[in-house]
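Below is one structure, written out as structure tokens, with a few remarks after it.
We did not get these values from a lab; they are worked out from the coordinates using the rules stated. No experiment lies behind these values; they were computed from the predicted model shown. Cβ sites come from the backbone with ideal geometry, for glycine too, and all protein chains shown count toward neighbours.
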Protein chains: 2
Amino acid sequence: MAKSGKEPDIGDWRNRIDALDLELVRMLNERARCAIEIGKIKRKRNMPIYDPKREEQIIATALSHNEGPLDGEGVRRLFERIIDESRRIERVTAEKRAKD
Amino acid sequence: MAKSGKEPDIGDWRNRIDALDLELVRMLNERARCAIEIGKIKRKRNMPIYDPKREEQIIATALSHNEGPLDGEGVRRLFERIIDESRRIERVTAEKRAKD
């Protein structure tokens, strides 16, 4: 229950979420840039883009560092989406270079 | 093409991704904590958890700050997942409190 009249309100929490989201957009793009670089190297070496062992390792690392309140299933779903977008951009870039 | 023999290799990019992922887990949990606090306030005030206008605003803000290389559709899919997990944890917490 309320300890004082000065607790943060919904608007305050939303401002904090908005600030986090800007940082998340920035970091997800930085992650995508890394994936693009990996895609270029794989393309040069004729390596496959899809690497299920690496993807499982990414999720295992995320899960092992999860202190909550998100549960493991939530972290897994989030990272499956993040990995999916990285794989997509890695593939698009590799295919573009293949056509050049 | 390679400018020198000292370019970062796949392992270097993966290390950078791993470091980003630990920060992402931390920030996604911080975001979830904010969502939980919002859920508690909404519960006290009998407000609905699902707020489509706010969710559209979150995505619009993310899109307007997206400098790539992720495209708009990728950012939208990522934030739909992030919002979905926030809504889930907001709801679980509100329901738990309702039972207390």
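Key figures for this structure:
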quantity	calculated
GNM result for chain B, Cα springs below 10 Å: residue of B:R14, B:R76, B:R54 fluctuating most strongly	B:R14
Residue closest to axis [chain A; rotation mapping onto B; Cβ; Å]	A:R81, 2
Rotationally averaged projected area of segment A:10-99 (alpha carbon convex hull; nm²)	6.9 nm²
Averaged over B:73-81, number of beta-carbon atoms from partner chains that fall within 10 Å	5
Relative contact order (percent, whole number), segment B:13-99, Cα cutoff 8 Å, 6+ residue spacing	45 percent
Theoretical FRET efficiency, 1/(1+(r/R0)^6), r = Cβ-Cβ of A:L63 and B:Q57, R0 25 Å, to 0.05	0.25
Ratio of Rg to Rh over the protein assembly as shown (Cα coordinates, Kirkwood Rh, two decimals)	1.05
A:K40 versus B:E73: modelled label distance in nm, points set 7 Å from Cα along the beta carbon direction	2.4 nm
Copies compared at A:G11 - label distances in nm, ascending, label defined 7 Å from Cα in the Cβ direction	5.4
Helix axis angle, B:52-64 relative to chain B longest principal axis, alpha carbon, degrees	20 degrees
Pseudo-label separations to other copies for A:D84 - Cα-to-Cβ vector, 7 Å, nm	0.6
Per-copy distances of the B:A60 label point, shortest first, in nm (7 angstrom along Cα→Cβ)	4.4
Angle in degrees between helix B:72-99 and the longest Cα principal axis of chain B, rounded to the nearest 10	30 degrees
Acute angle (nearest 10 degrees) that the helix A:10-44 long axis makes with the longest principal axis of chain A, alpha-carbon atoms	10 degrees
Segment A:29-80: mean projected area of Cα convex hull, nm²	4.1 nm²
